[in-house]
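Since every read-out is calculated from the coordinates, none of them should be taken as a lab result. These numbers come from a predicted model, not from an experiment. Cβ placement follows ideal geometry from the backbone for every residue including glycine, while neighbour counts extend to all protein chains displayed.
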Amino acid sequence: MLVTCGKNSSPKFKQYYVQGERLYAQHCSNCHQFDGSGLGRVYPPLDTSDYMQGNFEQVICLIRYGKSGSLIVNGKEYNQPMKGISSLSDLEIAQIATYIYNTWSHETGLVEVKDVSRLLNDCQGMR
């Protein structure tokens, strides 16, 4: 489901989106499902997720560094640890973020690698 209207029609956006979809399928879809619906009460949804909408910075950090402990998504508690994917480059995380933030019920636009690098630096300093 490539979003190609308005601000999201640039070649850079399309490249990030396509690469992000491939990376999401490889690294994320096993738990969060290819359609972003999550897996019952084990793994939270990414589609129609109030957590994603309100916690962009934390989502970027979760991709790289993971999370343990509970997380509330759409009023439901999830307490399955999420292992981070430290092998992903900042660019690959920007591509995944561009994909997940522009698919299903989201339309955020391009997630720039420079912004991802800054956020990852910030969350690394808080770890």
Point to revise | Criterion violated by Tyr43 - all others in (1) free of Cβ contacts under 8 Å to residues at least 12 places away in the same chain; (2) surrounded by 13 or more Cβ atoms within 10 Å (Cβ to Cβ) satisfied | key: (1)
Review point. Given the conditions (1) assigned to a helix (DSSP H, G or I); (2) surrounded by 12 or more Cβ atoms within 10 Å (Cβ to Cβ), and given that Asn30 satisfies all but one, which numbered condition is not satisfied?
Key: (2)
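Residues checked against (1) assigned to a loop (DSSP other than H, G, I, E, B); (2) out of contact with any strand residue (DSSP E or B) (no Cβ under 9 Å at 6 or more places or on another chain):
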position	(1), (2)
Gly36	yes, yes
Met52	no, no
Glu57	no, yes
Leu62	no, no
Ala97	no, yes
Asn102	yes, yes
Lys114	no, yes
Arg118	no, yes
Point to revise | Selection from region 59-75 of residues that are among the charged types (D, E, K, R) and either touching a residue at least 40 places away in the same chain (Cβ under 8 Å) or buried (at least 20 other Cβ atoms within 10 Å of the Cβ) (or both) | key: Arg64
Exercise for review: Return yes when Glu107 is surrounded by fewer than 19 Cβ atoms within 10 Å (Cβ to Cβ), within 20 Å of Gln15 (Cα to Cα) and touching a residue at least 12 places away in the same chain (Cβ under 8 Å) and no when it is not.
Suggested key: yes
Exercise for review: Could you tell me whether any residue of region 51-58 is of a type in the set (S, T, N, Q), crowded, with 17+ Cβ neighbours inside 10 Å and closer than 15 Å to Thr108 by Cβ?
Suggested key: no
Practice item. Could you look through region 86-104, keep only residues that are hydroxyl-bearing (Ser, Thr, Tyr) and either within 23 Å of Asp50 (Cα to Cα) or touching a His at 6+ places or on another chain (Cβ under 7 Å) (or both), and pick out the one that is surrounded by the most Cβ atoms within 10 Å (Cβ to Cβ)? Key: Thr98
